[in-house]
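The numbers here are math on the coordinates, done by the rules we state, and not lab data. Keep in mind the model is a prediction, meaning the values are calculated, not measured. Here Cβ is always computed from backbone atoms with ideal geometry, including for glycine, and neighbour counts include all displayed protein chains.
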Amino acid sequence: MDIQFVLDPYACAKYLMSYTTKPEREMSLLLEETHKECREGNMSVRDEMKKLTGTFFNHQQVSVQEAIYRATKMPLTYSSRGFLFVPSHSNSCKFLKPDNVLKDMDPDDENIYMSNLADKYFDRPNEPEFDICMADFASEYEILSINKNVKNPKTPIKRLQTLNFAIKKRCNRKAIIRYPYFNRETDSENYYENLLSLYLPIRNRNELEKPYELFYQIGEIFDNQQQSIRKVKDIVYENQRKYEANMKETGEAESLFNELSLNMKDNEWAEIVANKEKNNLWSREIEQEDNPDFSAIHKTKNKNSFVEMKQTFSTINEIRPLLESMNHEEQEIFYYVREWCINRLHNSDVEPLRLFITGGAGTGKIHLLKCLHYEATRIFSRKKHLVPDENIDEIHTLITAFTGAAAVNVGGVTIHSAFGIGTQSNRINDHLSSDKLNSYRCKLHSLKLLFVDEVSLIQASLWGAMHSRLTQIMGIHSNTAIFGNVAIIAIGDFYQCSPVAATGIYSSLLWSDHFEYIELKINERQKTNLSFSQMLNRIRKLKKKEILTNEDRDMLEKCHQRYLTKEYHPEALHLFPKNVQVDAHNEQMIEKVCTNIRTFYETDNKNKEIKQNESKSIKKTNKQLRLAKNARVMIIKNICVNDGLANGVTGRIVDYVENNEPQVSHIKIKCDSTKVGRLHRISCPNCHGQDTICVIRESDTIDQQDADFRSKRGVKQFPLRLSWAMTIHKAQGITVDQVAISTKDMFGTGMGYTALSRVRTLEGLFLVDLHVNKFYCNENIDRVLSQMKQIKRKQLIFQKSSNYLNILFHNIEGLKCNFNALKNHYLTQHADLICLTETWLNDKIKKTNFEMNGYHLIHKSRSSSFSNNHKLHCQKRGGIALYYRDNISVEEIHSSEDLNLEHITVELLQQKIMVINCYRSPQQSKTEFLTNLTKHLTEIGIEKHIFLIGDLNENSLSDKSKPIETTLKKLGFINIFKDLPTTNSLTSLDCLYCNFTLSQDHHKGIGATYYSFHDTLRFSINDECQINNSNEEIEYNHVENMEVDDTLPSPLPIVNIPKKSYKRKNKSNDDTSNKILKKTTISTTTVRNNTAIQEKQINFLTNIIDITKNNIVENLSSTLTLTEQLSIIGLKTVKILGDGNCFFRAISHQLHRHERDHKVIRSQAIKYLTENKSEFSQFIDQTYATIDNYIKQMTKHGTYADHIAITATAVIINKNIIIHELHKKPILVPGSDFIDSQLHICYYPNKLHYDSVLCIDNNLAFLPFQDLLNTY
């Protein structure tokens, strides 16, 4: 029997290809020889064929089954059971209908796919017999065409409801089902959607509620078979166990596999099952990178080494505490990067992110990196939903670091191993071989975001090599694209240690001009000791010629005195600048602490120890190692970075393992971190079931200067080093409780600051000696950072002034599980009102568990919102809450009857605003909800100022009918967040309605969260400006808000254009603009006695309709846009808000360069019309019948301005209004006797909208009289 281990996709493909294309040269020779024998024996043709056939079957290298198949063409297997694939997931593939059917279909018909088994399941007969799950339907019933004539069926045949198919129950054994597989740990939503679709009896996919995992865990539905409400989980389990007999065991195995595969190499099974794969080049990892402790690097490395990589995932239990503990600085960066990730997910053309996150030691850079990586990985994993063919194992995000210890610390890989970069030269033109390049492209072609930690240690040459390698892997050959268009987040602090004997990346051309940066300033490591933290900040940026403050000098002197009095732990970590000092201290400590010290010499290729007395030449190269049990040691080689066994990991020797010779073959170590070596302990018989790892002799040790010589001789040594002391470079990135530092021989910038900041408290800092002149930074760093762009911070929505009311709304999807996240969110403490829906709390839970400092809590459960006989009364989830700040006066408003409405209504007494926090469950009909909501609005008084806030589960972005929005609009409510996506799926379910007009002094925005499917709505309003009632008409001498009405007449289409550019000649542009902006007044008194203007006005209104009909410029191109038309004469448009007030807003912009005075202009125009009713009444058409009706309608906020209102406006501002329109000559609306007194606007008849028009240099526009169309 031919048994081979097939351990990875490449080996599998190789095995299949070798089998199907195996050479048959021997068979050809045998057949030729047989044929020759037959001819020599004078056999008949019949006998010759028999002889040849026998030779073929007796010598062919195939199995018996294959030989029989070749000879008889009989099927190899028969099965008594049918196999059926069930497309249970909503994103399953479908086949197109045949071409002849598609050709006969209506081009607008979207029903172009053939129905699959899932479609037939949802179309099954509406009978109690078919209240079954999809798995039962597929297994127990077979699908028949209605055209098929079945004679004497053993079971009844029943037609589907709409599809041209029928079903009948299987007579024989049930079919075995197959279905899509999704990973429960890494793709939970798809997993649970598939599980529910397969095993939960439903009639429509809409019956499944999102998030699916939560619906599975706590959801309840009515079971038609048992006629009772049952838990979803119980029904699914009951049906699942019929098809998955060992689902508990397989579930446990899958969970274990997922846990192990987080860091497991693809070839890990090779080490367990087949030792022959141990030295496979494809599975080798680059085991040693640059060591910054040495000034010269001579180590050779195979530049084409390839390390197997996987997309790494952090579990929610590991990462949630980190997410909840982010400070406001970290959250700002977190949501900045998160927004980019979401944009990149939906648009591959988004500019790659180039961000440098810096900050002093202890400011939480690694903390933030882990949070960013988790969220980015989670977001990009959604691509599987958007692109069904996406491979779930593709790598979208990757964490790298310069050293192995730093890579282990952040859960990543080294830069060298990640991209196959050799450590000898880091040359930019160092290319991969074609086979390795293909391997890297297979793994990294989907890479979107790369994290690089500890960038201060990276040399400029390595940075360039990384750019070259990414460009090569991504296949992008452009002079403008860097790093293969992969987004990069670099983390580090240039004020810490710099590369030894090399320049940092900040001197590279691939740095300053391409990266933006942000600095973390909150010290989390030393936050309990403010004076220590402040001293570190001062030393961090201390220049070489600057002097320490007396306060800092005194603090450091006390640390030195405490070292002299030996107040530190005997085995406290010591930091030295150089390796010579490190080795001396370690030798002292092993003599002091340990007994039975053993010396380990290097071994040759025959495993014989090389003693120092063998030869003088060898003596120079030998490296003896003195070790003992209980000795502190450090691994000095990257054995397996994915398992934490990396250069720089520390621990303590606990035992030796000897072989038969006897000789020590393994050294067992208990590492300081329990996470190190988890995979090693599974496969290692010496460490299985223990908390240890073991190391063996390796051919590549720390002595890089002699690497070439020893590798040729097969020299091996244990990759260990004593670690009671280490160099300052090696200590970068670690945190300890006590440290003793020698400052005497510090030789580089940032070394002093790096060493001092390794300890958490000042009490844990001890100085072996004190040389304050050794504390200085690289003075070029300030210049480098000043040349970099800082990230663009978003404008804050919440205002800090006490005049503003700040409102935050969020569908939190579980207050209990998300309370800490909400409380610690950087925007929460700025909100005056926090409105929450879907709290999922019942009346039994203590509200005191959810109190926040400075806020009062009002909560209402779902059961208390619905009457006992309502279907939602017993359903879980739901619940609403409202937090309000202590300094806000609030009165809760209760309904006089049970409305079956989930809401909390309060009145803000000082602001005189009613706030309704509301939620509509998808299980509640919109008709019932609107009926109950209307009753409540009527009861509290719809004429009051009302904010209606909540998740009403109606998508405002949908093209379908929106009855809730339509009804509220009729009641005078407008959704402030209409057409803005508020969920992760880019739907707009959350809303904030108000029934009064807001002043210009308000701010709104959408805020993302990591813990909910919904985003937050943020709204800030100046409550002093909200003084006008929405349902009252404005008075003519006031400028308050006006009524909104949708029954608006269309404005008269007006306006055309010459091909010349004009400017005012008599005054400078700036002076003219300033005078107009400052001196323009809006008044009706200036025109009461101006009969000339009134005559022009009457002529304009009389002739405007006839003249504009023929107003067409024939010599303009039909493809010309209005923007291009204006640019020909040196003009441009300025966008104006389109809310029905756009004409008055455009005039306000022309006068004052802002839109805020549109209400004043409308008010004065209405006042002028009222005072001159007799002159305007003749121009009122049948739409209004009377001038009074017209004035009443025009008074309302949002009513479009027509030609009558436009003429009135021109008069009251004493300006000629010039209106531009596409393919028409500009029309002059008279308002002044002076032709140069002009304001310019443009009109879009298809949108019924006006914009403001200025010169290209932003000054007011001007056209001569002959280029204008006038009607008087």
In whole angstrom, note down how far apart the Cα centers of the range 572-592 and the range 763-779 are. 18 Å
Under the rule a/c < 1.5 gives rounded, and otherwise a/b versus b/c splits prolate from oblate, where does the range 804-1025 land using the Cα gyration tensor? rounded
List every residue whose amide H lies under 5 Å from the amide H of GLU698, counting only residues 5 or more places away in sequence or on a different chain, with H placed 1.01 Å from N in the peptide plane. GLN717, PHE718
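Any chance you could run the full-extension gain for GLU891 through SER90? It's 0.36 nm times the residue separation minus the Cα-Cα distance, nm to one decimal.
Working: separation 801, 0.36 × 801 = 288.36 nm, distance 4.71 nm.
Between GLU891 and SER90, full extension yields 283.7 nm more.
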Scaled radius of gyration (Cα, divided by 2.2 N^0.38 Å) that the range 656-695 gives: 1.19
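So what's the convex hull volume per residue for the Cα atoms of the range 951-999, in Å³?
Working: hull volume 3.6 nm³, N = 49.
It is 74 Å³ per residue.
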Listed with the fewest Cβ neighbours within 10 Å leading, HIS1197, HIS445, HIS894 appear as HIS894, HIS445, HIS1197
Which whole-Hz ³J(HN,Hα) couplings does the range 762-768 yield from phi under the Karplus relation 6.51 cos²θ - 1.76 cosθ + 1.60, θ = phi - 60°, glycine and proline marked x? 5, 5, x, 9, 10, 10, 5
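Specify whether the C-alpha gyration tensor of the range 326-520 places it in the rounded, prolate or oblate class, a ≥ b ≥ c being the square roots of the eigenvalues: rounded for a/c under 1.5, otherwise prolate if a/b is larger than b/c and oblate if not. Can you show the working numbers first?
Details: a/c = 1.59, a/b = 1.03, b/c = 1.54.
Since a/c reaches 1.5 but b/c is at least a/b, the shape of the range 326-520 is classed as oblate.
Grab the Cα-Cα distance for ASP898 and GLN534, subtract it from 0.36 nm times how many residues apart they are, and report the gain in nm with one decimal.
Details: separation 364, 0.36 × 364 = 131.04 nm, distance 5.97 nm.
Roughly 125.1 nm would be gained on extension.
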In whole Hz, the Karplus estimates of ³J(HN,Hα) for the range 192-202 (6.51, -1.76, 1.60; θ = phi - 60°; x where Gly or Pro) are 6, 4, 5, 5, 5, 4, 7, 10, 10, x, 9
Extension gain (nm, one decimal) between GLU698 and LYS521, 0.36 nm per residue minus Cα-Cα: 59.4 nm
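Could you quote the convex hull projected area for the range 73-210, Cα atoms only and averaged over all directions, in nm²? Working shown, then result.
Numbers: hull surface 49.8 nm².
The number I arrive at for the range 73-210 is 12.5 nm².
Treat the count of other C-beta atoms within 10 Å as a stand-in for reagent exposure and order ASP1001, ASP99 from fewest to most.
Numbers: ASP1001 16, ASP99 8.
Going from sparsest to densest Cβ surroundings: ASP99, ASP1001.
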Interchain or sequence-distant (5+) residues whose placed amide H lies within less than 5 Å of the amide H of LEU200 are MET134
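Once the Cβ-Cβ distance between HIS1003 and HIS560 is put in as r, and R0 is 45 Å, what FRET efficiency do you end up with, to the nearest 0.05?
Values: r = 54 Å, r/R0 = 1.21.
Once the sixth-power term is evaluated, E becomes 0.25.
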List, in order, the whole-Hz ³J(HN,Hα) value for each residue of the range 1259-1270 obtained from phi through the Karplus relation with A = 6.51, B = -1.76, C = 1.60 and θ = phi - 60°; use x for Gly and Pro. 8, 5, 7, 8, 10, x, 4, 5, 9, 10, 9, 10
Can you tell me the order of 1168-1179, 829-840 when each peptide is scored by its average per-residue count of other Cβ atoms within 10 angstrom, highest first? 829-840, 1168-1179
Length-normalised contact order of the range 804-1025, Cα under 8 Å, at least 6 apart, in percent, tallies to 20 percent
